[in-house]
Each structure stands twice: as structure tokens, then as C-alpha cells.
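> Below you will find the structure I want to go over with you.
What follows is calculated from the coordinates using simple rules that are stated; it is not laboratory data. Please read all numbers here as calculations on a predicted model, not as lab measurements.
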Amino acid sequence: MKRFFCIFLGSLLVTVCCSACGTQPQPTPQMEPQTTQMQAICELATMDCYYHNVAKYYKKDAENFLWMSRDKKFWIEYSGVVRLGVDVSQVSFSIEGTDVTITMPSAEVQSTRVDSSSLNEDSFIVDKDSADVTAADQTAAFAQAQEQLEADARNDTALLAEATQRAKSLLTDYINNIGDEMGVEYTIHWVDIPSSGASAPAEESAAESAASDNSAASNAE
């Protein structure tokens, strides 16, 4: 009997609470910008840029036999992909009334990689008088080309500025959309800080694999 009473009382309390909730006006949810959302938006703003790249290799007197010597010379043509974006860990904001201040670094080179679809047997060209080319030679050529690709991308100020502006435009849309929902017109102020400038990781797995696969074909030429 006691057990039944407790269950009944609990059900009665739930009914009373629900009734009370039903008679009270629901508070309007407060929407405002969130750091995590802004960081996610910056991640979506990353840009993949494609470059035609050439990996060249030259080594003088690479092969010697008696009084004869041969140089080692070849090149590899392929497409390189450079990803530009903002370091989201440095993105922050503050709100004072209708003023939103966003602190954001400029875009930087986040990674470089080889577009594997651009590699085929015609991409590897060995000079007819070259000494034998090994997979290690091709991998070294790729590494050097990737370093140059990253350096060129870092010096492309126009493209980096475009990537920075892309992130700012998406963040502006985000803030304005929240303002429209809340009936508030926000004024956005930007605080630009330098990018971290850390070296971008080069994803060379495709290059190394291609070098290994094409070593025999290169030597045959």
C-alpha cells in the first residue's frame, strides 16, 4: 500500500509541475556567437590551391667507370595541392553591447601534398644520357620540390589575403545571421594578429609511393 502511494504521489507531483509549466510563459532562448562555432567556420573556410609543379634532380658525375662518367638527370611533372587556412586555435571574440570584436590570425600554409591523380608513367622523364635513377633519387627530388612549393605558396601574398578574407566573410555572415534572429544589428571590429608561421606538414606518401612504383620504368629509359 505504501509503495502504491509513493508512485501515486510522484505521478501527482509530475502532473502539478507540468500544469504549472504549461501556465508560465517560456523564456526566449538567448542566441549569441560561440567560439566553437566560429572556429568550425574558419575550418570550413580553408582553401585548396592546385599548382603545376616540377621536381628536378641533377647530380654531376653520379656514375664513374674508368675514365668515363655520367651525370644523373631527370624531372617529374605533377600537380601539387597547397591548403591555406586560419589557425582556429587563435580565433577568439568578445561582445560589448552590439559591438563584436573578433581576433583572428591571417591565413597561412597548413599543408602541402601531391595530387596522386596527376602522376602517371608519362610524369617521369629521364634524360637519355643520364645514369641510372633510383627510387631514393625520385623521393629526394619530390622532397625538394615540395619545399619549393611551400615556399612559393608562403610568398603568394595575394592568395593568402584571399584566404584570410574568405574566413572573415563567413564569420561576418555568421554574426549577421545571429543578429537577424535576435533583432540586433551587430557592428564587427577586427583585430588582426600574425599567423604562427609554423612549417606546413608535407604529405609525401603519394610521392614516395609513386617514386617506388616508377623506379624501374625510369631506369629503363
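> Return, for the Cα atoms of the stretch 85-158, the radius of gyration and Dmax in Å, separated by a comma.
21.1, 73
> Here's a follow-up. Give me D for the stretch 119-199 in µm² s⁻¹, whole number, from Stokes-Einstein with Rh from the Kirkwood sum over alpha-carbon pairs, 4 °C and 1.567 mPa s.
Numbers: Rh = 17.6 Å.
It comes out at roughly 74 µm²/s.
> Once each part is reduced to its C-alpha centroid, what is the distance from the stretch 50-118 to the stretch 164-180 in angstrom?
Taking the Cα centre of each part, the stretch 50-118 and the stretch 164-180 sit 29 Å apart.
> From the Cα trace of the stretch 27-146, what convex hull volume per residue do you get, rounded to a whole Å³?
136
> Amide H neighbours of Asp132 under 5 Å, at least 5 residues apart or on other chains, H built in the peptide plane: list them.
It is none; the list stays empty.
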